Amino acid sequence: MADRELESALAAVGWVLIEGPRACGKTWTGLRFAKSAVRLDLDMAAFEKGAVQPALLLDGDRPRLIDEWQTVPAVWDHARHAVDAAARPGQFIFAGSSVPADDISRHTGAGRVRRIRMRPMSLYESGDASGEVSLTGLLDRSDPVAARSGGGLPEIARLVCRGGWPALVGTPMAEVHRVLDDYLDQVARTDVRRLDGSRRHQPEGVARLLRSLARNTGTEARYSTLASDTEPDPMHRHTVREYRQALQRLFVLEEQPAWSGRLRSRSQLRTSPKWHLADPSLAAAALRADPDRLVGDPETLGGLFESLVVRDLRVLAQPLDGRVYHLRDAAGREADAVVECRDGRLLLGEVKLGGGDHIAQAAHSLKRLAKHLPDRDPALVVFTAVGHGYMRSDGVAVVPVTALGP
């Protein structure tokens, strides 16, 4: 899906910036459209040359891919001038797995650069969802007809643990665990410190915060909650804030903002975001969980499953110019996911690991919440782990995530 976004962007602007966590496929996406490339994480000669003369990194057929551009941040200004001089679209593709300390890309790229956020693959992209029910169709109120999903909770647990990393599709689970353990170790030991060169970062402290974030996946946990949960030695909340900001800059952690719409109710909307690691597999790895353990721990699996659904909705909503929020008010009315498109289409979703009464309760909650939305007529959807897709008699759609597509 990112391919279509990149192709469209290159036809419209001079410069495209692809951002996202390591190993989500940014490089290969860029290479599909680039006529030349330099990979600064692998080519030390190019890196050293760029550190002295950044403009030389731009020499080559265009579109030219500059991979891991943030390791030579001075190249940004040179690209800006080159785009202005060329005065035509499709000049450069920059790919980066972190945001530079001063975030220069936010100050000098206005009107010249299109940002594309890449995430690990959705189940549809990895071939694990049939796409029988489209997000576009749900927003437009089409009936969500889908055959019963066949894998059950063991398959959902496997998909949670494997994640949406392109290189891990088809990889044995034992190797998946080793790769993701190494990924988290690299984040804790190297990536956080590399952002600003600070020696204050303690790898074990980052690792303990990652475990705390994993335990609190999909919640509105505050700094104090995360700090107290960094066992066995609780951190100071200021340290938690510093590490959490670093993880966001690495695209390893992403907030799910609270929806800022308006309710026809005296209850105030809560404004705290929820937090998700870039992929539920990172949370599972931080917790040292495997599929069998998750099946035996429905509460933990339920939280990670919600994170998987949010990941997929983000990926599928992005081409529709949609964003994913959550909604909770002081009266306890809530939606685990709110998809809002620029054209005004709105979807309220609840995520349920089980079926039966859980679906009925979620549908009732969504109907109750929808009554308090003035001048909006949202689509209401319960996303499930198992079962088939159908429309309930009350107008609430029920959709297994393994049927969800664009």
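Please compute the length gained on full extension between V145 and T271, using 0.36 nm multiplied by the number of residues separating them and subtracting their Cα-Cα distance. Let's see the in-between values first.
Working: separation 126, 0.36 × 126 = 45.36 nm, distance 3.48 nm.
Here the segment from V145 to T271 would lengthen by 41.9 nm.
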Roughly what angle does helix 237-249 make with the longest principal axis of the chain, taking Cα atoms, 0 to 90 degrees, to the nearest 10? 70 degrees
Can you tell me what the convex hull of the Cα atoms of region 146-198 projects to on average, as an area in nm²? 5.4 nm²
Cut-off under 5 Å, modelled amide H: who pairs with S36 long-range: L65
Let me have the relative contact order for the chain, percent, based on Cα pairs under 8 Å that are six or more residues apart. 18 percent
Amide proton proximity set for R114, modelled H, under 5 Å, gap of 5+: W15, V16, L17
Short version: ³J(HN,Hα) in whole Hz for each residue of region 158-171, in order, from phi by Karplus 6.51 cos²θ - 1.76 cosθ + 1.60 (θ = phi - 60°), x for Gly and Pro, what are they? 5, 5, 4, 6, 6, x, x, 7, x, 6, 9, 5, x, 7
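Sort 162-174, 224-236, 309-321 for me by packing, meaning the mean count of neighbouring Cβ atoms within 10 Å per residue, highest on top.
Working: 162-174: 16.8, 224-236: 15.1, 309-321: 21.6.
Output ranking for 162-174, 224-236, 309-321: 309-321, 162-174, 224-236.
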Take every DSSP beta bridge whose two residues both sit in the chain, then give the antiparallel share in percent to the nearest 5. 35 percent
Return, for the Cα atoms of region 297-406, the radius of gyration and Dmax in Å, separated by a comma. 13.2, 41
Probe radius 1.4 Å, ligands and nucleic acids ignored: give me the carbon and sulfur share of the accessible area of the chain as a rounded percent. 47 percent
Karplus ³J(HN,Hα) for region 64-73 (6.51 cos²θ - 1.76 cosθ + 1.60, θ = phi - 60°; Hz, whole; x = Gly/Pro) runs 10, 8, 10, 8, 6, 4, 5, 6, 10, x
Proximal charge balance of D312 [Cβ under 12 Å; K/R count +1, D/E count -1]: -1
So what J values fall out for region 298-305 if you push phi through Karplus, 6.51 cos²θ - 1.76 cosθ + 1.60 with θ = phi - 60°, rounded to Hz, Gly and Pro as x? x, 5, 5, 4, x, x, 6, 5
Can you spot the lysines whose alpha carbon is less than 22 Å from K371's alpha carbon? Ignore those fewer than 8 places along the same chain. K352
Inter-part gap, Cα centre of region 341-359 to Cα centre of region 182-257, in whole angstrom, is 30 Å
Determine the distance separating the Cα centre of region 24-60 from the Cα centre of region 67-89; give it in Å without decimals. 12 Å
Ordering of 281-288, 58-65, 354-361, 295-302 by packing [mean C-beta count within 10 Å, highest first]: 281-288, 58-65, 295-302, 354-361
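Skip the ligands, DNA and RNA, and give the accessible area per residue of the chain with a 1.4 Å probe, whole Å².
44 Å²
Taking region 319-403, which chymotrypsin sites (Phe, Trp or Tyr not before Pro) meet the DSSP loop condition and have no more than 15 other C-beta atoms within 10 Å?
Values: sites: Y325, F383, Y390; in loops: none.
Qualifying residues, ordered by number: none.
Work out how much length V52 to D182 would gain on full extension: take 0.36 nm times their residue separation and subtract the Cα-Cα distance, in nm to one decimal. Walk me through the numbers before you get to the answer.
Working: separation 130, 0.36 × 130 = 46.80 nm, distance 3.22 nm.
That pair, V52 and D182, stretches by 43.6 nm at full extension.
The values are calculated or read from the model by the stated rules, or taken from the named source; none is laboratory data. Keep in mind that what you see is a predicted model, and the values were worked out from it rather than measured. Glycine also receives a Cβ, built like all others from the backbone with ideal geometry; neighbour counts cover every protein chain displayed. Surface areas here come from the heavy atoms of the whole protein model, side chains and all, with no ligands, DNA or RNA. Shrake-Rupley method; radii C 1.70, N 1.55, O 1.52, S 1.80 Å.
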